[in-house]
Amino acid sequence: MANMHTISDLAQEFDLTTRAIRFYEDMGLLEPERSGPGGRNRVYSARDRTRLKLTLRAKRLGLSLTEAKDLIDMYDSPRDTVPQLKKFLVVLAEHRKQLESQLADLEATLDEVKTHEKETRSLLSKASKAVSAL
């Protein structure tokens, strides 16, 4: 049972709540075995642990859980890996474009904030000089 994990083991290892792990299970990303009375205890395999690790990596890349599941499921299948890799490249390219667009929006907003700061400092300086002249 060295390659078997409890929900608490995975929660601690990946710094997640057990609720988050159950959510990933509900999304079909994890498929633990059930044991104990009424099948109340979840037992996660090495495969589930790997799938959880890949899910968290996909989230960090900005993928949705559905996209993550699709990609992870592709790697589970014994088919040729070329279509899987091509699909992954398409998904990554889409997310890169989205992130670049968000970055451009943030840079434009930051430039606007800098302009307002400069204008406000100028107005503040003029107001301070006017008060000093009185």
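Read-outs: derived from the displayed coordinates by stated rules, not from any lab. What you see is a predicted model; the values in this text were computed from it and never measured. Note: ideal-geometry Cβ built from the backbone for every residue, glycine included; neighbour counts use all protein chains shown.
If I stretch the segment between S125 and L56 completely, what's the gain in nm (0.36 nm per residue apart, minus their alpha carbon distance), one decimal?
Taking 0.36 nm per residue and subtracting the Cα distance, the gain is 19.9 nm.
From the C-alpha gyration tensor of the chain, pull out the three semi-axes of the equivalent ellipsoid (sqrt of 5λ each), sorted largest to smallest, in whole Å.
Gyration-tensor ellipsoid for the chain: 50, 23, 9 Å.
Return the calculated 222 nm mean residue ellipticity for the chain, to the nearest 500 deg cm²/dmol, obtained by summing -39500 (n - 2.57) across DSSP H runs with n ≥ 4 and dividing by the residue count.
Estimated from H runs of four or more residues: -25000 deg cm²/dmol.
Hey, which aspartates and glutamates would be in cross-link range of K59, C-alpha to C-alpha under 14 Å, not counting anything within fewer than 8 residues on its own chain?
E67, D70
Expressed as a fraction of 2.2 N^0.38 Å, the rule-of-thumb size for a compact globular protein of N residues, what is the C-alpha radius of gyration of segment 79-134?
2.39
Between D48, D70, D15, find the one with the highest GNM mean-square fluctuation for the chain; connect C-alpha pairs within less than 10 Å.
In the Gaussian network model the winner is D15.
Given a Förster distance of 25 angstrom, what is the FRET efficiency for L110 paired with A133, based on the Cβ-Cβ distance and rounded to 0.05?
0.10
Identify all lysines with a Cα-Cα distance to K53 below 21 Å; exclude those on the same chain that are fewer than 8 residues away in sequence.
K69, K87
For segment 1-61, take the convex hull of the Cα atoms, compute a quarter of its surface area, and give me that in nm², please.
4.1
Run down the lysines and flag those whose C-alpha is under 28 Å from the C-alpha of K126, throwing out any fewer than 8 positions away in its chain.
K114, K118
Only Cα pairs within less than 10 Å get springs; with that Gaussian network setup on the chain, which residue of A104, A93, A58 has the largest fluctuation?
Maximum fluctuation in the GNM of the chain, among the listed residues, is at A104.
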